[in-house]
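Undergrad: Dropping the structure in here first, questions after.
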Amino acid sequence: MLLAIRLWILLCTFLVGAGWCLSAIHQLNRAGYAVGFALMVLVGLVWPRPAGWRLRFGFSGQIRKLWRRCRRPAPFLFALLCLMTLISGILYVPYNSDSCAYRFPRIYHWLAEQSWNWIHTADQRMNVAGCGYEWLATPVILFTHSDRFLFLINWLSFLMLPGLAFALLKAVGVRSRTAWWWMWLLASGWCYAAQAASIANDGFATVYALAAVVLALQSLKTGSLGDLWLSFLATALLTGVKQSNIPLVALWLIPAAPQLWTALKRPLTYVVLPLGALVSVVPITIFNFQHTGTWSGINAIAAGFPDWQLELGSPFWGVVGNAFCLPLQNLMPPFFPWARAWNHLLDKFVQTLLGAHFSTFEGFGHLGPGVSEASAGLGLGITLLSLISLYYFWKAGGFKAKVSVFSVPGALQLAPWILLLVFMAKNGERQNARHLAPYYIFLFLILLSQAGQAALVRKAWWQKLVLLCLALSALVVVLNNNRPLFPACTLFGKLAAAHPESHALGLLKKAYCGPRSWPEFTRELDALLPPGESVIGFAGVQNAESETALWKPFGVRRVERVLVEDSPRWLAEQGIHWVVIQDAPSPWRPSVKIWMERYHATMVADIPLQIETSFESHVYVMRLDRQP
């Protein structure tokens, strides 16, 4: 297992580092990557491999060993979960609102320029957000001209979760049997299972977080500085995915700190340090300072989305508010048809004197019509089972420190909860449950190392509940509205037609049929645009995912963002004769006529687009009739 983790960290380090290096010399293209891959293979062949890195052949023996393990119920259900997510990833065109709105478009812009560049856009998330996931996806899109295979990034990461969870639990003193049961349970959390075939970037970063600590602990145990260097690279990769992961660096420092002085005496450390900086949050932080004056660029995002609440007003009320929202999101059932009434109730609460403290939250306490990859936390089953374990923890006498909090295991048990408070004090987004995905497993260390847990996992009823939780995760994969493993549109379409008065059935139809319309919308939009147009303008605000569709098929055309302040002359200079608008660009919303008059445009098509259940947008295809 550790060999696979080491190879994965090295591969990710190479891909992220290659993205930045090729951008620096404006060679972000197939030739540049080909040279990079050749150098990687050459270094891999000549670099001396430690004993723990030797590949062990004997495929049939490994298959038999895997088969014996999967004959037990828990690993069998997890293997079934892996198979189901693989099938769903193969069957469906990948769709995720955030990825299609700014993560994929930024990749296409970089490839068009053959370099990372500060993009001309009102949605500054395309510029200021971490690039760790995008640099893994870039060569896949470049060489395949498709995004169909990108789900494998998350799926391969999902396969590594049980082994990493077991290694971490054992390292902090959890009994073997307890660690064995919980590694399957925690790895099947809804946020991981729902994203296993997704193009989201929350769950896959968990592997970086776990690998950073596990490899540092392995280095502390064996004295291998190679594992320490790899753990540092894993930590750097973790920060490069999302800035909200930066507090987790503190967990790596706990086992790494005792070894740092020894590592600093080795010359190779001074090669690893700049490499880690390259693949970390450092490059995007430098560019954010250069273009926005802040390390995170949050002020630039706020300028583009003035109606978004991006910062909490008070750390104290942030902790209090998240203490309500996070358990609520983790207790969310697979279906919640009362979401509209619940959200209305919370909106009224925020207008009260007490509720005003939570007005800076994004949709305080809001829930969706059901669990999805965009909203899932650990899940209802694991949350309830954790409460049962907590009950046995108090029944066994409460907290009894087996190790000092100043020891490495003791500090690793306590520190995640301090970092959770930091996260709660700073983050008030509506979907915080999924943003916490890299944190969750660490939060269980202190509980599972306590007395009573070893006896609890031996109980037959508890083991049956674990299997039930795994089955619930499989159910979430089956019911995932982005990639359902049943004929959802047909079923709910017929039921909604037969019962038009049913609000719940109408909601289900929208939830499932919306994402299914994405491939059809992409084909329709491509058919409307003239084949000879090499440059297309795009104007959109907030989650305007239509730009991704304009780049397909990749290599046929390029897209330029059109902003409110761009003049008709600027569009002419860019060679733009056609513009696609998702909704109307602010401040002219909702009147598209003003835009048409200013740019002398004729509307060719008005395409309604409803992928999310909460709102319907319109995509307007415009032809510019007169150039200045």
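Undergrad: Roughly what % of DSSP beta bridges within region 512-624 run antiparallel, to the nearest 5? Each step should come with its number before you reach the end.
TA: Values: 13 of 21 bridges.
Of those bridges, close to 60 percent are antiparallel.
Undergrad: While we're looking at this one, here's another question. Considering the alpha-carbon set of the chain alone, what are its Rg and its Dmax in angstrom?
TA: Both quantities, over Cα of the chain: 25.1, 80 Å.
Undergrad: Quick one: net charge around Leu419, please, counting Lys, Arg +1 and Asp, Glu -1 for every other residue with C-beta under 15 Å from its C-beta. If you can, show how the numbers build up before the last one.
TA: Working: positive: Lys242, Lys426; negative: none.
For residues surrounding Leu419, the net value is +2.
Undergrad: Please give me the summed charge of the neighbours of Pro337: other residues whose Cβ is under 13 Å from its Cβ, Lys and Arg +1, Asp and Glu -1. Present the calculation step by step, with values, prior to reporting the outcome.
TA: On the way: positive: Arg340, Lys509, Lys510; negative: none.
The answer is +3.
Undergrad: Still on this structure: For region 512-624, just list the percent of Cα-Cα distances falling in each 10 Å bin from zero outward, please.
TA: Once binned at 10 Å, the Cα pair distances of region 512-624 give 13, 50, 31, 5, 0.
Undergrad: Which one of Cys70, Leu251, Leu624 is farthest out on the positive end of the charge dipole of the chain, using unit charges on Cβ (Lys, Arg +1; Asp, Glu -1) and the Cα centre as origin?
TA: Cys70
Undergrad: Considering only C-alpha atoms, what is the centroid distance from region 331-391 to region 430-462, in Å?
TA: 20 Å
Undergrad: Helix 315-330 against the longest principal axis of the chain: what's the angle in degrees, Cα atoms only, rounded to the nearest 10?
TA: 90 degrees
Undergrad: In addition: Is the shape of region 315-478 best called rounded, prolate or oblate, per the rule: a/c under 1.5 gives rounded, else a/b larger than b/c gives prolate, else oblate, with a ≥ b ≥ c the square roots of the Cα gyration tensor eigenvalues? Intermediate results must be reported in sequence, preceding the final value.
TA: Numbers: a/c = 2.30, a/b = 1.36, b/c = 1.69.
Oblate is the answer for region 315-478, as a/c is 1.5 or above yet b/c matches or exceeds a/b.
Undergrad: Please name which of Ser88, Ala504, Gln114 has its Cα lying farthest along the dipole of the chain towards the positive end, using unit charges on Cβ (Lys, Arg +1; Asp, Glu -1) and the Cα centre as origin.
TA: Ranked along the dipole, the leading option is Ser88.
Undergrad: Bin width 5 Å, alpha-carbon pairs only: give the P(r) of region 124-216 as whole percents, running from 0 to the bin holding the largest distance.
TA: Using 5 Å bins, I get a P(r) of 2, 13, 20, 19, 18, 12, 8, 5, 2, 1 for region 124-216.
Undergrad: Quick check on the chain: helices-only [θ] at 222 nm, where DSSP H runs of length 4 and up contribute -39,500 (n - 2.57) each and the sum goes over total residues. Nearest 500, please.
TA: Details: 31 runs with 369 residues, N = 628.
It lands at -18000 deg cm²/dmol.
Undergrad: Applying 1/(1 + (r/R0)^6) with R0 = 25 Å to the Cβ-Cβ distance of Ile418 and Leu268, what FRET efficiency is obtained, to the nearest 0.05? Please report the intermediate quantities before stating the final value.
TA: Values: r = 33 Å, r/R0 = 1.30.
Efficiency, from the Cβ-Cβ distance: 0.15.
Undergrad: Now for a separate question. List Phe289, Phe521 from most exposed to least, where exposure is judged by having the fewest other Cβ atoms within 10 Å.
TA: Phe289, Phe521
Undergrad: Taking 31 Å as the cut-off for C-alpha to C-alpha distance, list the pairs among Lys170/Lys395; Lys265/Lys426; Lys242/Lys459; Lys242/Lys593 that go past it. Can you show the working numbers first?
TA: Working: Lys170/Lys395 23 Å; Lys265/Lys426 37 Å; Lys242/Lys459 40 Å; Lys242/Lys593 39 Å.
Going by Cα-Cα distance, Lys265/Lys426; Lys242/Lys459; Lys242/Lys593 fall outside the 31 Å limit.
Undergrad: Sort Glu545, Glu429 by Cβ crowding within 10 Å, fewest neighbours at the top. Write out the running numbers ahead of the final one.
TA: Working: Glu545 26, Glu429 18.
So the residues, fewest neighbours to most, are Glu429, Glu545.
Undergrad: Would you mind checking the tilt of helix 104-113 against the longest principal axis of the Cα atoms of the chain, expressed as 0 to 90 degrees and rounded to 10?
TA: Between helix and principal axis, roughly 70 degrees.
Undergrad: Give, as a single signed number, the net charge of other residues whose beta carbon lies under 12 Å from the beta carbon of Arg106, with Lys and Arg counted +1 and Asp and Glu -1.
TA: Details: positive: Arg103, Arg125, Arg561; negative: Asp98, Glu113, Asp123, Glu134, Glu547.
Residues close to Arg106 contribute a combined charge of -2.
Undergrad: If neighbour count is taken as other Cβ atoms inside 10 Å, put Trp181, Trp20, Trp116, Trp338 in order from fewest to most.
TA: Numbers: Trp181 22, Trp20 19, Trp116 25, Trp338 13.
With the sparsest Cβ surroundings first, the list reads Trp338, Trp20, Trp181, Trp116.
Undergrad: Antiparallel as a % of all DSSP beta bridges within the chain, to the nearest 5?
TA: About 65 percent, rounded to the nearest 5.
Undergrad: A further question follows. Run down the aspartates and glutamates and flag those whose C-alpha is under 20 Å from the C-alpha of Lys348, throwing out any fewer than 8 positions away in its chain.
TA: Answer for Lys348, where 20 Å is the Cα cut-off: Asp307, Glu362, Glu429, listed by chain and number.
Undergrad: Which one, Val241, Ala460, Tyr391, is farthest towards the positive end of the dipole of the chain when Lys and Arg carry +1 and Asp and Glu -1 on their Cβ?
TA: Final value for the positive-end residue is Ala460.
Undergrad: Okay, next question. Skipping prolines and chain starts, which residues have an amide H placed within reach, meaning under 5 Å, of the one on Arg561, given they are 5 or more residues away or on another chain?
TA: Close amide H contacts, sequence-distant or interchain: Phe538.
Undergrad: Okay, next question. Output the relative contact order of region 512-624, whole-number percent, from Cα pairs under 8 angstrom with separation of 6+ residues.
TA: Details: 175 pairs, mean separation 31.8, N = 113.
Once divided by the residue count of region 512-624, the mean separation gives 28 percent.
Undergrad: Find the relative contact order for the chain and round it to a whole percent, using C-alpha pairs within less than 8 Å whose residues are 6+ positions apart.
TA: On the way: 934 pairs, mean separation 98.1, N = 628.
It comes to 16 percent, rounded to a whole number.
Undergrad: Work out from phi, with θ = phi - 60° and the Karplus expression 6.51 cos²θ - 1.76 cosθ + 1.60, the ³J(HN,Hα) of each residue of region 74-82, listed in order in whole Hz, and give x for Gly and Pro.
TA: Whole-Hz 3J(HN,Hα) from phi for region 74-82: 5, x, 5, 5, 5, 4, 5, 4, 4.
Undergrad: With charges only on Cβ, +1 for K and R and -1 for D and E, what is the dipole size of the chain about its Cα centre, in debye, rounded to 20?
TA: Values: 49 positive and 30 negative charges, 665 e Å.
Approximately 3200 debye in magnitude.
Undergrad: Against the longest principal axis of the chain, how steep is helix 205-222, in degrees 0 to 90 to the nearest 10, with axes from Cα atoms?
TA: Value to nearest ten degrees: 30.
Quick note: the coordinates plus some simple rules give every number you see, no bench work behind them. Not measured: the values here are computed from a predicted model. Counting neighbours? That spans all protein chains shown, and the Cβs are built from the backbone with ideal geometry, glycine included.
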